[in-house]
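Read-outs: derived from the displayed coordinates by stated rules, not from any lab. Everything numeric in this text was worked out from a predicted model, so none of it was measured. Cβ: placed from backbone, ideal geometry, glycine included. Neighbour counts: every protein chain shown.
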Amino acid sequence: MDEGHDLLERPISRERLLKLAAAAGGAGLIAGSAGVAGATRHALSAETGRLQVLDWVGYGYDGGQTMFAAYNKRYPQNKAQITVMTNEANALSKFQAGQKFDLFRPYIGWVKYFAQSGLVEPWDPKLIPNLKHLNPYMVKAGQYQGKQYGIPNDWGFDEILYRTDKVKPKSNSYALLFDERYKGKIAWFDDIEMPEIAGLLLGFKDTWNQTDAQLKKTQDFLTSKKHLVRLTWSSETEMQQAFAAGDIWISYAWPADYAAMKAKGLPVVYMRPKEKPIAWVGNFMLLKGTPRPELAHAYVDAWSSPKSGKWLEDNYYYGHANTLAHPSSSDLSRALQLNNPKAVVPPFANLDRDIPKRAQYEKLWEQVKAS
Amino acid sequence: MAVDSRAGELPRRKRQRPDLTAPSLLGLPLAWLAVFFFVPIAIVAAYSFDVLSFGTGTHAFTLRAWHDFLHGGVYLRLFWKSVKMSLIVSTIIVVLAYPLAYYLALSGTRRKYVLLLLLIAPFLTSYLLRVLAWKVILGDNGVLNSFFFWTGLRSPEHPFSQLLYSRFAVMLVLGYIWLPFVALPIFVSLESLDRRLLEAASDLGASRLYAFRRVTLPLSLPGIVAAFLFVFIPTIGEFVTPSLVGGANGYMYGNQVVDLFETGFPDWETGSVLAIFLLVVVALLTLVFSRFLQPKQVTAG
């Protein structure tokens, strides 16, 4: 059978082989190699233990359980056990500390890094029926060397949210985040996307791979504008509270923030910058050597369904890669440009991507914050 | 027999049993300190020299991160900024807490322990809750600014924006949080003051102010120093309060340490340098100030 072909190629220890044989009643093992294969397939469909998922806050039993309810219902003996990751580096440190997970969710800029790290293995697209409904541009972005390492899921844009009653932008540009007229009313995002945005604004050809001289210009630019910034947010809740309270009028934001502020009745615009917004996509990745690969595929398939997609959009206001999912909110639908499947790639947007000099970008950003 | 005679010549000694009281009492705390304090510090120090590394790449002993830290300037400036903020907070709340502790300890009020309990009552609620409550008070449309709008001191278009997400906000909230920690050591040192010394000063013609300056203040100095250190040391490395109310301007050294370890693509090497540097400075300060904390100076005798 083609199904599970990659899974069958995984080295199997003697102990595991005996377990598999036991699962098949022992007969298959005695019957010869064909019997071994049959027993193996049988056991893989009956993987044991709870599925170990490493995911972000809000994507476990703290609100996001609807997204994988179908999985838990189908595999009551192997319900997902969620551990929270605070960011990709935090996930990396957990792996290095020896913690075992079956799958986790880094964002698109990290797919290549993890694919090259040897920590993950590609998915078997045939085991994820909902994959065919996922945005093909996002699916392609999850590939590395022709293999599907990332299964896209939640997504959004990095754009600018501002109060229309307080702010009059000179143009639709990221420049609004650096506008001297609004000193003390601006919020930046606490991430290396700020150097990326600065690079776009400064007109660098490839803002994800800036030269040393360009990085110096970026750092000088951000440092010179830091006095305008009141808040450097790392949590959406923090930013939304400050925005709703009127403490900030302009912020780097995601579509969810726009929808949340609209829901509060604030006069806001979610501005699409002329530099083309950066788009981000969450990708499920399969940890190498997981003892529950089939369950992991089933879990990701549950997250990828149109029903889960709509729930995510309606409740978290993020986009979902399933093109059949449409949010109830027309504001969100417009912000995500759901009528255009190419909205996340050029010429409409810049899909976030691998940063070869990530450590240098991080250092730069930390020094901007410390300055 | 010769052997017997030699035995008979041996001085009579009382057989002594080794005293294991001190080792047994100190053993557990020392082991605790070793495992949960010295070993982790050694590990962090090893990261600072790249002997241990977060990444999977090659690594070996190097002073690179220390060199960058000492010559780069950015982190040292941030450290100095945090030191200044901590100094301001510690000094102001010691000055504010002293009269309070003085009143509680020396006024003779029968309700001093009730008042003391009231002072520490906010500590019965969550730390985060107390800090977050300040956002409601200090925001652009918060309680204080609303009051200013009402009085006409400011217009709603121009609120006092420096109240929140600023160094001021961090220092104000830190002062509020740490005030009881400052008042308590001062209260204890004043409470243990030998009142006969004040009576003697009065009998010898000293005014109350003179007696305070020559007797009360010097004898309560250990309490003042302890109180100062209680605030100054933890607030240099503070990161929770600045991350909640500090915004971009109130970012402190402690935030930088956390960020270097936690966010984005971690730089544990630099983060460890910052952490060890902070530890060394705090240890030196403690050594310098510890001479003011000697028990002999607490008593009047």
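Brief remarks follow.
- Over all Cα atoms in the range A:227-371, the spread is summed up by Rg and Dmax: 17.8, 52 Å.
- Going by neighbour counts of Cβ atoms within 10 Å, the residues B:ARG130, A:ARG230 line up, fewest first, as B:ARG130, A:ARG230.
- Model label zone, B:VAL143; criterion: amide N under 15 Å from point 7 Å along Cα-to-beta-carbon; scope the range B:157-188: B:164, B:173, B:176-177
- Over chain A: helical MRE at 222 nm, DSSP H runs n ≥ 4 each giving -39500 (n - 2.57), nearest 500: -10500 deg cm²/dmol
- Helix runs (DSSP H) in chain B reaching 15 Å along axis by Cα, Kyte-Doolittle at least 0.0: B:21-33, B:74-106, B:127-138, B:167-191, B:217-236, B:268-290
- Of B:LYS81/B:LYS135; A:LYS183/A:LYS276; A:LYS168/A:LYS369; A:LYS274/B:LYS135; A:LYS226/B:LYS84, pairs whose Cα-Cα distance is over 31 Å: A:LYS274/B:LYS135
- Principal-axis tilt of helix A:306-316 within chain A, Cα atoms, nearest 10 degrees: 40 degrees
- Normalised by the number of residues in chain A, the mean separation of alpha-carbon contacts (under 8 Å, six or more apart) gives a relative contact order of 24 percent.
- Pairs of Cα atoms farther than 32 Å apart, chain B, %: 49 percent
- Per-residue packing, averaged as other Cβ atoms within 10 Å, sorts the ranges B:271-278, A:92-99 into the order B:271-278, A:92-99, beginning with the highest.
- Viscosity 1.306 mPa s, temperature 10 °C, Stokes-Einstein D of the range B:119-236 from Kirkwood C-alpha radius, µm²/s: 91 µm²/s
- Relative to the current alpha-carbon distance between B:LEU287 and B:ALA34, full extension at 0.36 nm per residue lengthens the span by 89.1 nm.
- Principal axis box of the protein assembly as shown, alpha-carbon based, largest edge first, Å: 106, 102, 51
- Ranked list, fewest to most other Cβ atoms within 10 Å of each Cβ, for A:ASP220, A:ASP154: A:ASP220, A:ASP154
- Rg(Cα)/(2.2 N^0.38 Å) for chain A, N = residue count: 1.09
- Crossing angle, helix A:212-225 versus chain A [Cα axis fit, 0-90 degrees, rounded to tens]: 60 degrees
- The mean number of partner chain beta-carbon atoms within 10 angstrom of a residue's beta-carbon across peptide B:78-86 is 1.
- Inter-chain neighbour count for B:243-254: the average number of beta-carbon atoms from partner chains within 10 Å of each residue's beta-carbon is 4.
- For chain B: relative contact order, % (alpha-carbon pairs under 8 angstrom, 6 or more apart): 24 percent
- Taking only the C-alpha atoms of the range B:106-175, the Rg (one decimal) and the largest Cα-Cα distance, Dmax (whole number), read 16.4, 50 Å.
- Each Lys and Arg contributes +1 and each Asp and Glu -1, all at the Cβ; summed about the Cα centre of the range B:56-193, the dipole is approximately 140 debye.
- Each Lys or Arg adds one and each Asp or Glu takes one away; over the other residues whose Cβ falls under 9 Å from the Cβ of A:LEU332, this sums to -1.
- Angle between chain A longest axis and helix A:293-303 axis [Cα atoms, degrees, rounded to 10]: 40 degrees
- Counting neighbouring Cβ atoms within 10 Å and putting the fewest first, the residues B:ARG213, B:ARG291, B:ARG154, A:ARG105 line up as B:ARG291, B:ARG213, B:ARG154, A:ARG105.
- Given +1 at the Cβ of Lys and Arg, -1 at the Cβ of Asp and Glu and no other charges, the dipole of chain A around its Cα centre is 280 debye to the nearest 20.
- What separates the Cα centres of the range A:201-223 and the range A:118-197 is a distance of 19 Å.
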